[in-house]
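S.K.: Got a structure here, written out as structure tokens. Questions coming.
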Amino acid sequence: MPSYLAADALLPAGWARDVTIDVDAAGDITAVTPGLGTGEVERLAGPVLPGVPNLHSHAFQRAMAGLAEVSGATDDDFWSWRELMYRFAARLVPAQARAIAMHLYVDMLKHGYTAVGEFHYLHDGGADMLAHVLEAARASGIAITLLPVVYRWSGFGCKALLPGQQRFQASPAFVLDLLETFRPQLGPDVRAGAAPHSLRAVDPGSLRELLAGLPHDAPVHVHAAEQTKEVQDSLAALGRRPVEWLLENANVDARWCVVHATHMTPQETRALAASGATAALCPTTEANLGDGFFPLPTYRDAGGRWGIGSDSHVSRDPVEELRLLEYGQRLAHRRRNVVSGGAFSAVGTTLWLEAARAGRALGRPMGAIAPGHRADLVILDDVRPDLAGRAGDAIANGLIFSGASGLVRDVMVGGRWVLRDGRHAQEEAAAAGYRQALTELLA
């Protein structure tokens, strides 16, 4: 049973000096104790933080980053961006999807993500496309939660799918069969749930059918209230705002993850927090699409749980997501140090710990350096000038707010090292495969 000595470790109660972390053969933390353990101990090279889950990923969109940054003939927003995404997705084949996902997942690991929720809706090849994405996750070493998507309609009122949406088509029965296909491959590093895409793409009957067929503990992820048009259309079709309707009709609880939830009333915000669900916030994508600001202070004051996702992957760095999340709140509320209070006054420490503990939204015990949690460890490179002389909260604040990059040195996922000295064993091959896929797609 390996043991690791950390000079500085971010524990659930805050930063601690000189602790030993014991890990069993299954990749779980069995003990965290002060001082040097009694057996053979590996001394970790820098400050240690728990790995962060990436709650929301559309892997293929990684290859779109930068392609939609040219103004169109009309006002650009989510809906105009979506048309480009449809055209891009129409060209994608499984081998390209694997290459894109492999490069993406290696990049995530190099920045401190240790698990990902893959919100997958490229269904026209049956299980083939998702199988290629799963292969990429296994090859990279990142833990994955498969979230195949139910996608029935192009809009509220059961409107027929548009031509660009045809390959997304999936009924509840299709998704439940897909989950059964992948059941033999599930384990500590591969979990599964399901995702009703959104209330505009899944009618109430289909949502009930999906929920009735899922295991009671399977994660459920759904897009909701990302854009104001979606809220207006939901009011017209259902008589309720999207989050409001879900809370009244879908038995939303701790296994739910509501993605974006950008446009909520204060009443909705407090009710979502009280439900036990996790809000998946994707600050760089939400900024890129011009979505708006999540009502984070009200949500946190009500005890709401939240995590981060990189969504369209204009960034693959949790530090960038967390920094932009905090800065967005400062801009919206015209004050500093918004995400703090409670147990911690340091914003960096608060941001990292609250985002890390969102692993339950992926169906896995992670996000804390504590017994009973997966040994997902992120070791920082304290030789870097931006971390020099820092201890405790100053480490996390320096990580997130110094503006530096490349501060992650080593990464462990489920007790296995996947990054050492800033290098992933597959990064050159992953980069070559990605270059080839991108060249083909943009030809």
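Every number here is computed from the coordinates shown, using simple stated rules; none is lab data. Keep in mind the model is a prediction, meaning the values are calculated, not measured. Here the Cβ is made from the backbone with ideal geometry for all residues, glycine too, and neighbour counts use every protein chain on show.
S.K.: If you take the charge dipole of the chain about its Cα centre, with +1 on Lys and Arg Cβ and -1 on Asp and Glu Cβ, which of Gly403, Ser198, Pro12 is farthest toward its positive end?
M.R.: Ser198
S.K.: Relative contact order for the chain: what is it in percent, counting Cα pairs under 8 Å that are at least 6 residues apart?
M.R.: 22
S.K.: Need one number: nm distance between label points at Asp217 and Thr265, each 7 Å from Cα along Cα→Cβ, rounded to one decimal.
M.R.: 3.7
S.K.: Also, quick follow-up: Given a 10 angstrom Cα cut-off, can you work out which residue in Pro318, Pro371, Pro385 is the most mobile in a GNM of the chain?
M.R.: Pro385
S.K.: Grab the Cα-Cα distance for Asp253 and Lys159, subtract it from 0.36 nm times how many residues apart they are, and report the gain in nm with one decimal.
M.R.: Working: separation 94, 0.36 × 94 = 33.84 nm, distance 2.89 nm.
Gain on extension, Asp253 to Lys159, equals 31.0 nm.
S.K.: Let me ask something additional. Which one of Tyr151, Tyr86, Tyr105 has the biggest mean-square fluctuation once the chain is modelled by GNM with Cα springs under 10 Å?
M.R.: Highest fluctuation among the options: Tyr86.
S.K.: Suppose R0 equals 22 Å. What FRET efficiency, 1/(1 + (r/R0)^6) with r the Cβ-Cβ distance, do Ala95 and Glu428 give to the nearest 0.05? Could you put the intermediate results ahead of the total?
M.R.: Values: r = 18 Å, r/R0 = 0.84.
Once the sixth-power term is evaluated, E becomes 0.75.
S.K.: Now, a different point. In the chain, what percentage of the DSSP-assigned beta bridges are antiparallel, given to the nearest 5? Show your work: numbers first, answer last.
M.R.: Values: 29 of 63 bridges.
In the chain, DSSP labels about 45 percent of beta bridges as antiparallel.
S.K.: List the residues, sorted by chain then number, that are 5 or more residues from Ala261 or on another chain and whose placed amide H is less than 5 Å from its amide H.
M.R.: Ala224, Glu226
S.K.: Between the stretch 274-304 and the stretch 385-443, what's the alpha-carbon centroid distance in Å?
M.R.: So the two Cα centres are separated by 25 Å.
S.K.: Same structure, new question: 222 nm [θ] for the chain, helices only, -39500 (n - 2.57) per DSSP H run of 4+, per residue, to 500? Each step should come with its number before you reach the end.
M.R.: Working: 14 runs with 158 residues, N = 443.
It lands at -11000 deg cm²/dmol.
S.K.: List, in order, the whole-Hz ³J(HN,Hα) value for each residue of the stretch 57-70 obtained from phi through the Karplus relation with A = 6.51, B = -1.76, C = 1.60 and θ = phi - 60°; use x for Gly and Pro.
M.R.: 9, 10, 4, 4, 6, 3, 6, 8, 4, x, 7, 9, 9, 10
S.K.: So, one more: How many angstrom lie between the Cα centre of the stretch 1-42 and the Cα centre of the stretch 75-121?
M.R.: When both Cα centres are located, 36 Å separates them.
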